[in-house]
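Visitor: Before I ask anything, here is the structure I am working with.
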Amino acid sequence: MLAGRRPISADLWELRFLVPHAPPFWPGQYALLYPAGVQGARAYSMSGLDQGDGDWRFIVRLTPGGNGSTTLCRQLQEGEAIDIDGPFGHAYLRSSERDVVCVAGGSGLGPMLSVARGVLAESSARRVHFFLGLRNESELGAADEVRALHDARLHTTVVLSSPHGPEPWAGPTGFVHQALEGALPSPADAFDYYFAGPPPMIEAMQDLLMVRHRVPFEQIRFDRYV
C-alpha cells in the first residue's frame with residue numbers, strides 16, 4: 001500500500017510503501033514493483049534500512065513517456081495497493097574493515113543511500129565517501145538527501161555534468177567516475193565500492209575499477225538492470 005510520496009527534485013520522487021509480512025532486506029537490495037495497468041515489473045532499490053516494520057521506501061525517476069514511473073509517481077493514490085516482490089540483488093552491504101565508496105547516478109541514489117545508512121549504523125569507524133553524479137542544478141535536491149544523513153563519517157562529493165545555473169557552479173563538473181578517480185586519498189584497492197545508476201555509468205565504473213586500477217572483484221558491488 002502506498003503510504004506517502006514526496007518530490008526530491010524535478011524528476012525524482014520518494015515513494016513509501018507499507019508491505020505486510022515483509023521479509024527482511026539488506027542495505028542495497030531491490031524489489032520488483034507491479035503497478036496496475038503496466039505490463040511487467042519495475043525494479044527499484046530500497047533507500048532506507050530494514051526496521052522490521054514493512055516500511056519500504058524507493059526513489060523513482062519520473063521518465064517522460066515511461067508508463068511505470070508515471071503510474072507510480074503521478075497516478076497511484078495513497079492507500080492503493082500494488083504487488084511488490086523481493087528482496088533481490090547481490091550488491092548489498094558486506095561487513096569489512098575497509099572504508100566504503102558509494103557512487104550514485106539518477107535513481108541509483110536509492111540503493112546508495114541505503115548502503116551509506118547501513119555503514120553509518122555500524123558500531124565501527126568505517127567512513128563513507130559518497131559520490132553523486134547529477135546533470136544540473138535542478139537536481140540538487142538529491143544532494144540534500146545525502147547531506148541529511150548528518151554524520152561525521154560521511155564525505156559527500158556532488159558532480160554536475162552540465163551545470164547551467166544563474167551562478168557559476170563551484171563543485172566538480174563532468175562525469176562522476178572521473179571525479180572519483182582524482183579524489184580518493186588512498187590507493188583504489190583500499191576501499192569497498194558500491195555503485196548504482198544508468199548503464200553507461202556502470203560500465204565506466206567497471207572499467208575504472210576492474211581494468212585500470214585492478215581492484216579485487218570481491219570489493220566491488222553493483223546490480224545490473226536490463
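Readers should treat all values here as calculations from the given coordinates under stated rules, not as data from a laboratory. Worth saying up front: this structure is predicted, and the values here are computed from it rather than measured. With ideal geometry, Cβ positions are generated from the backbone for all residues, glycine too; neighbour counts draw on all protein chains shown.
Visitor: Taking the beta-carbon count within 10 Å as an exposure proxy, list Asp192, Asp83, Asp99 from fewest neighbours to most. Present the calculation step by step, with values, prior to reporting the outcome.
Guide: Numbers: Asp192 24, Asp83 10, Asp99 20.
Ascending number of Cβ neighbours within 10 Å: Asp83, Asp99, Asp192.
Visitor: Most mobile of Ile82, Ile59, Ile202 per a Gaussian network model of the chain (Cα springs, under 10 Å)?
Guide: Top of the fluctuation ranking is Ile82.
Visitor: What share of Cα pairs, in percent, lie more than 32 angstrom apart in the chain? Don't jump to the answer; show the numbers that get you there.
Guide: Details: 4185 of 25425 pairs.
Counting every Cα pair in the chain, those more than 32 Å apart make up 16 percent.
Visitor: Here's another thing I want to ask about it. Using 1/(1 + (r/R0)^6) with R0 = 35 angstrom and r between the beta carbons of Gln178 and Tyr34, what's the FRET efficiency to the nearest 0.05? Could you put the intermediate results ahead of the total?
Guide: On the way: r = 37 Å, r/R0 = 1.06.
Efficiency, rounded to the nearest 0.05: 0.40.
Visitor: Normalising by the residue count of region 20-132, find the relative contact order in percent from Cα pairs under 8 Å and 6+ residues apart.
Guide: Numbers: 197 pairs, mean separation 36.2, N = 113.
Once normalised by length, the contact order is 32 percent.
Visitor: How much length is gained on full extension from Arg224 to Gln51, taking 0.36 nm per residue of separation minus their Cα-Cα distance? It would help to have the intermediate numbers written out before the result.
Guide: Values: separation 173, 0.36 × 173 = 62.28 nm, distance 2.61 nm.
So the extension gain works out to 59.7 nm.
Visitor: Where does each of Cys102, Cys73 land when they are ranked from fewest to most other beta-carbon atoms within 10 angstrom? Numbers along the way, then the final one.
Guide: Values: Cys102 29, Cys73 20.
The order, fewest Cβ neighbours first, is Cys73, Cys102.
Visitor: Restricting to Cα pairs below 8 Å that are 6+ residues apart, what does the relative contact order work out to for region 99-221? Please round to a whole percent. Write down the numbers at each step before the final one.
Guide: Working: 200 pairs, mean separation 36.3, N = 123.
30 percent.
Visitor: Calculate the FRET efficiency for Ser162 and Asp83 from the Cβ-Cβ distance with a Förster distance of 41 Å, rounded to the nearest 0.05.
Guide: FRET efficiency, Ser162 to Asp83: 0.65.
Visitor: Considering the chain as a Gaussian network with a 10 Å cut-off on Cα pairs, which listed residue, Leu62, Leu109, Leu184, attains the greatest mean-square fluctuation?
Guide: It is Leu184.
Visitor: Sequence gap at least 6, Cα distance under 8 Å: using those rules, report the relative contact order of the chain to the nearest whole percent.
Guide: On the way: 469 pairs, mean separation 43.1, N = 226.
Worked out over the chain, it gives 19 percent.
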